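*Asks:* Below is one structure. I have some questions about it.
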Amino acid sequence: MKNVACLMNSSLKRIAPALALLGLMAWLPTAHAIGADDVKAKLPAKSSLGLPTPLPKPTKLSFCLFDPFGTGGKVVAIARELAVYAEAFNLYADIRPYTDERVASEDFKAGRCDVVAISTLRAKQFNNVLGSIDAPGNLRNYAEMKTLLTQLSKPVVASLAINGRYQVAAVVPIGAVYIYVNDRSINSLSKAAGKRIVVLDWEPNMAKMVSGLGAQPVLADFTTYAGKFNNGQADIIAAPALAYKPMELAKGMGEKGGVIHYPLLQATAAILVRRDLVLPRIPDLDARLTELRKFGLQYLDKLFELLTEAEKDIPASRWVELPANERARYDQMLAEARVYLMKQGVYDPVMLSLMKRARCAHQPKASECSKFDE
């Protein structure tokens, strides 16, 4: 621990707890908490889609989707339900389930997939600007998320979604990420020292930060992430509220555990397109994606309703409330984490600036709105 800590300046030491507990940016819990029937019920009628005119001829695209339950998973079920809507304008989706997100990403990179749906954390390798959305303390609530996504849907800003052959077609909110603990006495980030924290094994910086905090990193991938907590191998895990039921996190919390009622960030998923493969088949791809984003904004409020309903699955007795002064301290710590990581090249300054605008649009008198650090 001393060797790691000596590498940290005083600012990094303050933000280490915030960085160390940002262990999950997964989109999987969304689909497994929200069933295909729920999605179908919330979708608008096809007659009101406002989608572009049909493609000149039937066009088939391969969609690679991560779902640890494979062809029988809810991710795949929802994708197939949505694919029915795509047929309304002559687009036919070849849904290809993957039980390993890494493999799905690699196949997309190799050109075996025209489109891929993965966590924004994993998508960062393809587009650092859009991949920076899931920065610590990015947005406080769904209203701010809607403001950001509305900004990103504008044609001028939408150009940020293109990085060479890769393009972010959509960003999908999956809700706030909270800290789950197996003992309610771990009621602040500073008390994580000496505890075991689940981290993603393909994010080495996370393990370093956990070690620097004086905690023990417990390595896992998305398929083993919850299991490490539930079987007692870890004391702390970070996950969206949507993960509570499908990942059975109540098992890991036991009778003494709880959920810290403070959102570390608003997590998202990303849908990416291989422009070099799709443009020959859909020359007006950008115009069509602009229209599809407009459709997505129409559906956004319904999605937020589902996310809000999912948070109610956590019993009121499980929430651990924080006093106002503690919340303010965490706000500052997460802000320092964003700025530090931006300077280290981890997060893109353009995206951090856009998210700050979204926050300040809702709380213009906040102290950060008079600063120029993001």
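*Asks:* Among the residues of the stretch 148-167 satisfying the criterion of being surrounded by 16 or more Cβ atoms within 10 Å (Cβ to Cβ) and small (Gly, Ala, Ser), which is nearest to the chain's Cα centre (by Cα)?
*Replies:* ALA161
*Asks:* Please work out which one of (1) modelled with pLDDT under 50; (2) surrounded by fewer than 16 Cβ atoms within 10 Å (Cβ to Cβ); (3) assigned to a helix (DSSP H, G or I) is the condition HIS32 fails and give its number.
*Replies:* In the conditions (1) modelled with pLDDT under 50; (2) surrounded by fewer than 16 Cβ atoms within 10 Å (Cβ to Cβ); (3) assigned to a helix (DSSP H, G or I), HIS32 misses (2) alone.
Each row is one residue, and each column tells you yes or no for (1) closer than 30 Å to PHE89 by Cβ; (2) among the small types (Gly, Ala, Ser).
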| site | (1), (2) |
| --- | --- |
| ALA192 | no, yes |
| ALA207 | no, yes |
| PRO217 | no, no |
| ALA226 | no, yes |
| LYS251 | no, no |
| LEU272 | yes, no |
| ARG275 | yes, no |
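*Asks:* Taking interchain pairs and intrachain pairs at least six residues apart, which have beta carbon atoms under 8 angstrom, with the first residue in the stretch 150-170 and among the basic types (Lys, Arg) and the second in a loop (DSSP other than H, G, I, E, B) and at pLDDT below 90?
*Replies:* Within 8 Å, no pair qualifies.
*Asks:* Consider PRO217 carefully, then state whether it is of a type outside the set (Asp, Glu), over 16 Å from LEU249 (Cα atoms) and either touching a Pro at 6+ places or on another chain (Cβ under 7 Å) or modelled with pLDDT of 75 or more (or both).
*Replies:* When the stated conditions are applied, PRO217 passes them.
*Asks:* Determine whether GLU374 is crowded, with 16+ Cβ neighbours inside 10 Å, free of Cβ contacts under 8 Å to residues at least 60 places away in the same chain and of a type outside the set (A, V, I, L, M, F, W, C).
*Replies:* For GLU374, the condition - crowded, with 16+ Cβ neighbours inside 10 Å, free of Cβ contacts under 8 Å to residues at least 60 places away in the same chain and of a type outside the set (A, V, I, L, M, F, W, C) - is met.
*Asks:* Can you name every residue in the stretch 308-331 that is touching a residue at least 24 places away in the same chain (Cβ under 8 Å) and within 21 Å of the chain's Cα centre (by Cα)?
*Replies:* If we filter the stretch 308-331 for residues that are touching a residue at least 24 places away in the same chain (Cβ under 8 Å), which is where we start, we get 308, 310-311, 313-314, 318-322, 326-327, 330-331.
Answer for the stretch 308-331, where residues must be touching a residue at least 24 places away in the same chain (Cβ under 8 Å) and within 21 Å of the chain's Cα centre (by Cα): THR308, ALA310, GLU311, ASP313, ILE314, TYR330, ASP331.
*Asks:* Something else now. Residues that are closer than 30 Å to GLU374 by Cβ and part of a strand (DSSP E or B): does the stretch 104-117 have at least one?
*Replies:* yes
*Asks:* With (1) free of Cβ contacts under 8 Å to residues at least 12 places away in the same chain; (2) surrounded by 14 or more Cβ atoms within 10 Å (Cβ to Cβ) as the list, and PRO280 as the residue in question, which single condition is left unmet?
*Replies:* (2)
*Asks:* Here is a further query. Considering only residues that are among the polar types (S, T, N, Q) and farther than 16 Å from VAL278 by Cα, look in the stretch 84-106 and name the one that is farthest from the chain's Cα centre (by Cα).
*Replies:* Only one residue tops the list, namely THR99.
*Asks:* Would you mind listing the helices (runs of 4 or more DSSP H) fully within the stretch 269-374 where at least 3 residues are in contact with an Asp or Glu (Cβ under 8 Å, 6 or more places away or on another chain)?
*Replies:* 324-343, 349-362
*Asks:* Give the number of residues within the stretch 37-85 that are modelled with pLDDT under 60 and in a helix (DSSP H, G or I). Full working, then the answer.
*Replies:* Here is the first cut: in the stretch 37-85, the residues modelled with pLDDT under 60 are 37-52.
If we keep only those that are in a helix (DSSP H, G or I) as well, we get 37-42, 46-48.
Going through the stretch 37-85 one residue at a time, the tally reaches 9.
*Asks:* Tell me whether the stretch 244-267 contains one or more residues that are part of a helix (DSSP H, G or I), modelled with pLDDT under 85, outside the structural domain of TYR92 (by TED's automatic domain parsing) and under 30 Å from ALA192 (Cβ atoms). Before the answer, list the steps.
*Replies:* To start, the set of residues in the stretch 244-267 that are part of a helix (DSSP H, G or I) comprises 249-253.
So of that shortlist, the ones also modelled with pLDDT under 85 come out as none.
There is no residue in the stretch 244-267 that is part of a helix (DSSP H, G or I), modelled with pLDDT under 85, outside the structural domain of TYR92 (by TED's automatic domain parsing) and under 30 Å from ALA192 (Cβ atoms).
*Asks:* Here's something else I'd like to know. In the set MET247, MET253, which member is in contact (Cβ under 8 Å) with a residue 60 or more places away in the chain, over 19 Å from GLU203 (Cβ atoms) and not polar (S, T, N, Q)?
*Replies:* Numbers: MET247 fails: over 19 Å from GLU203 (Cβ atoms).
None of the others qualify; the one that does is MET253.
*Asks:* Report, ordered by the first and then the second residue, all pairs with beta carbons closer than 7 Å, sequence separation of six or more or different chains, a first member in the stretch 332-354 that is of a type in the set (D, E, K, R), and a second member that is in a helix (DSSP H, G or I) and buried (at least 16 other Cβ atoms within 10 Å of the Cβ).
*Replies:* Hits for this filter: GLU336/ARG14; GLU336/ILE15; ARG338/LEU352; ASP348/ASN128; ASP348/VAL129; ASP348/SER132.
*Asks:* Test each condition in (1) over 20 Å from the mean Cα position of the chain (by Cα); (2) buried (at least 16 other Cβ atoms within 10 Å of the Cβ); (3) over 22 Å from LYS294 (Cα atoms) for PRO58 and report the one that comes out false.
*Replies:* Going through (1) over 20 Å from the mean Cα position of the chain (by Cα); (2) buried (at least 16 other Cβ atoms within 10 Å of the Cβ); (3) over 22 Å from LYS294 (Cα atoms) one by one, PRO58 breaks only (2).
*Asks:* ALA267: buried (at least 20 other Cβ atoms within 10 Å of the Cβ) and among the small types (Gly, Ala, Ser), yes or no? Can you show your working first?
*Replies:* Values: buried (at least 20 other Cβ atoms within 10 Å of the Cβ): yes; among the small types (Gly, Ala, Ser): yes.
For ALA267, the condition - buried (at least 20 other Cβ atoms within 10 Å of the Cβ) and among the small types (Gly, Ala, Ser) - is met.
The values are calculated or read from the model by the stated rules, or taken from the named source; none is laboratory data. Please read all numbers here as calculations on a predicted model, not as lab measurements. When we count neighbours, we look across all protein chains shown, and the Cβ atoms used for this are built from the backbone with ideal geometry, even at glycine.
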